[in-house]
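The values are calculated or read from the model by the stated rules, or taken from the named source; none is laboratory data. For clarity, every value in this text was computed on a predicted model and none was experimentally measured. Neighbour counts run over all protein chains shown; Cβ positions are idealised from the backbone, glycine included.
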Amino acid sequence: MECEKKCFMSNLLDYALDTYRSHFQKLPDFAAFAPGRVNLIGEHTDYNNGFVLPIALPLGTIIAGAKNGSSQVHIVSTSSQIGEKNFVIFNLPERGKVEKEPIKWVNYVKGVIAFFEGVVTEGFNAVVVSSVPVGGGLSSSAALEVSTYVFLEAIFQYHNSSLKEKALRCQKAEQLYADMPCGIMDQFISIMAEYGKALLLDCRSLKTTVVPFKTVEEVVVITNSNVQIELSSTEYSLRRKQCEEAAYLLGVESLRDVDLKTLEEYKTKLPIVIYKRARHVVTENARTVAAADALKNNDFITFGKLMIESHNSLRDDFEVSCRELNQLVDIAISVDGVYGSRMTGAGFGGCTVSLAEYMMVLMQ
């Protein structure tokens, strides 16, 4: 059984309990859940100190387990998508020390243990089950990190009231253990999500603004291209370096500090590729703030237009889309009742997100 295909939050816990019992011949003592996310708008802006507008998903990750009285972690993943060994044993890492495992997915768990604020006094047995597609741009990694952190809080009876601190520790685990120079968005929404609400996050100040998004007439539709994302690829790192180069050439700390008028004045002084990367970030920040305002006012027509503009910018200026994503967006916006559609996540594959009238979706 592949949990990615059948498990939503309602039966994910039962699957975790059954899986743990089959591997360790007893029920776990604790279980923790964290959701995946979809970013409605605000792509490749987080590591540029910009704005993002994600919502949590009913898809998520559960880690369930119990102490085992040793200094080792025995952990099982049920995912068939990781392409690596599913059962791993590793020694508890020293606090803050980076000692990576050859099995990549394990490093997300090991990294969180290393940067957990409390004291991990002994090893544990655990299973990981998830309904978040791996490599789909829906933040399977952050869901694993956050569920692991919450699990550690439960099993070792240490609770930090600062959600921000938890998110930052999970981000650090991914950056140093998984070699992914990620922004803060994914961990923040996975920890801070509220039902029926989006989260406008200022990635510089880390200020969050809850944006109500609870309507029976509109629905968010996520479509998986089934083109798997390889986030550690050179293209993702290259985009980040290009943004840093743009900020350097413009004489600012980050592209957050540039408006479109200033950027246009520098257009002839910048390499064309660097200019295009900067133009996406600058305009995407403006779109994200405008989209949050539109959502607050239930102005879904404006929100949809901003989604389409975002996709076009990601496709043409940031060049992180792909043929399959472009086709999915074109198909979506050709359907009556769809306000807008765009690629979501880092790009190079993954999913699209669309906003549509609920009744029109039912009729398709």
Practice task
State whether the residues of the range 290-299 include one that is in contact with a helix residue (DSSP H, G or I) (Cβ under 8 Å, 6 or more places away or on another chain), surrounded by 22 or more Cβ atoms within 10 Å (Cβ to Cβ) and within 19 Å of Val219 (Cβ to Cβ).
Solution key: yes
Practice task
Within the range 120-161, track down each residue that is touching a His at 6+ places or on another chain (Cβ under 7 Å) and either assigned to a strand (DSSP E or B) or farther than 22 Å from Leu27 by Cα (or both).
Solution key: Asn125, Val127
Exercise for the section: Evaluate the following for Ser310: is it closer than 28 Å to Thr208 by Cα, hydroxyl-bearing (Ser, Thr, Tyr) and outside any helix (DSSP H, G or I)? Expected result: no
Practice task
Determine if the range 202-223 includes at least one residue that is assigned to a strand (DSSP E or B), in contact (Cβ under 8 Å) with a residue 60 or more places away in the chain, over 14 Å from Leu40 (Cβ atoms) and among the acidic types (Asp, Glu).
Solution key: yes
Exercise for the section: Can you give me the number of residues within the range 316-328 that are closer than 13 Å to Thr352 by Cα and more than 20 Å from the chain's Cα centre (by Cα)? Expected result: 5
Exercise for the section: Restrict the check to the range 252-266 and report whether at least one residue is touching a Phe, Trp or Tyr at 6+ places or on another chain (Cβ under 7 Å), outside the structural domain of Arg37 (by TED's automatic domain parsing) and surrounded by 12 or more Cβ atoms within 10 Å (Cβ to Cβ). Expected result: no
Problem - Residue list for the range 109-134, restricted to those being surrounded by fewer than 24 Cβ atoms within 10 Å (Cβ to Cβ), under 19 Å from Lys85 (Cα atoms) and not β-branched (Val, Ile, Thr) - result: Asn125, Pro133
Problem - Test for Ala198: is it in a helix (DSSP H, G or I) and buried (at least 19 other Cβ atoms within 10 Å of the Cβ) - result: no
